[in-house]
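Asks: Once you've had a glance at the structure underneath, I'll fire off some questions.
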Amino acid sequence: MGQVIHVTDQTFEDEVINSDIPVIVDFWATWCAPCRLIAPIVEEIAKEYDGKIKVCKLDVDNNPNTAINYGIRSIPTLLYFQNGKLISSTIGAVGKSIILEQIEKLLK
């Protein structure tokens with residue numbers, strides 16, 4: 001129920017691009033303090049929106065190809081996908097309300 005899915009370069013297409021519901025991908029790294037700040041928010045959102053959106057995390061150190069493909073230059077970066085297409089993004093340790101604004105756009 002409402003689990004965050006850890007994706008890799010190998011599973012990104014299946015989990016994100018081919019998803020039949022909107023997806024948020026949190027690009028992060030273990031050494032990143034701001035990433036640790038937003039992690040609980042990302043986990044809360046996964047539970048609150050279970051079944052409506054899919055929430056994924058991608059470790060940029062272990063999966064550099066996907067990060068490079070999407071031009072990730074700073075972390076945390078959240079990318080918002082719908083029907084396999086990148087819709088929007090937020091960069092940095094933003095508050096929950098900002099993330100929820102992006103989610104509501106996906107669900108319209």
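What follows draws every value from the coordinates through simple rules; no lab data is involved. Every value quoted in this text rests on a predicted model; they were computed, and no experiment measured them. Here the Cβ is made from the backbone with ideal geometry for all residues, glycine too, and neighbour counts use every protein chain on show.
Asks: Only counting other Cβ atoms within 10 Å, I'd like Asp59, Asp26 sorted with the fewest neighbours first.
Replies: Ranked by crowding around the Cβ, least crowded first: Asp59, Asp26.
Asks: Roughly how big is the stretch 5-107's charge dipole about its Cα centre, with Cβ charges of +1 (Lys, Arg) and -1 (Asp, Glu), in debye to the nearest 20?
Replies: Roughly 280 debye, rounded to the nearest 20.
Asks: Something else about it: Sorted from fewest to most neighbouring beta carbons within 10 Å, what does the list Lys108, Lys54, Lys96, Lys85 look like?
Replies: Least crowded to most crowded, the residues run Lys108, Lys85, Lys96, Lys54.
Asks: Looking at the stretch 5-107 only, what percent of DSSP beta bridges run antiparallel? Nearest 5 please.
Replies: In the stretch 5-107, DSSP labels about 50 percent of beta bridges as antiparallel.
Asks: Based on the Kirkwood radius over alpha-carbon pairs, what is the Stokes-Einstein translational diffusion coefficient of the stretch 5-107 at 37 °C with 0.692 mPa s viscosity, in µm²/s?
Replies: Values: Rh = 13.3 Å.
Value of D from the Cα-based Kirkwood radius: 246 µm²/s.
Asks: Specify the residue with the greatest mean-square fluctuation among Pro76, Pro22, Pro40, computed from a Gaussian network of the chain linking alpha-carbon atoms under 10 Å apart.
Replies: Maximum fluctuation in the GNM of the chain, among the listed residues, is at Pro40.
Asks: Fewest Cβ neighbours within 10 Å first, please rank Glu104, Glu13 accordingly.
Replies: In increasing order of surrounding Cβ atoms, one gets Glu104, Glu13.
Asks: Please state, as a whole number in µm²/s, the translational diffusion coefficient that the Stokes-Einstein equation yields for the stretch 50-108 at 25 °C and 0.890 mPa s, with Rh defined as the Kirkwood radius across alpha carbon pairs.
Replies: Result for D is 197 µm²/s.
Asks: On to the next question. Residues of the stretch 38-56 with backbone nitrogen within less than 16 Å of a virtual label 7 Å along the Cα-to-Cβ line of His6, please, listed as ranges.
Replies: 39-40, 43, 55-56
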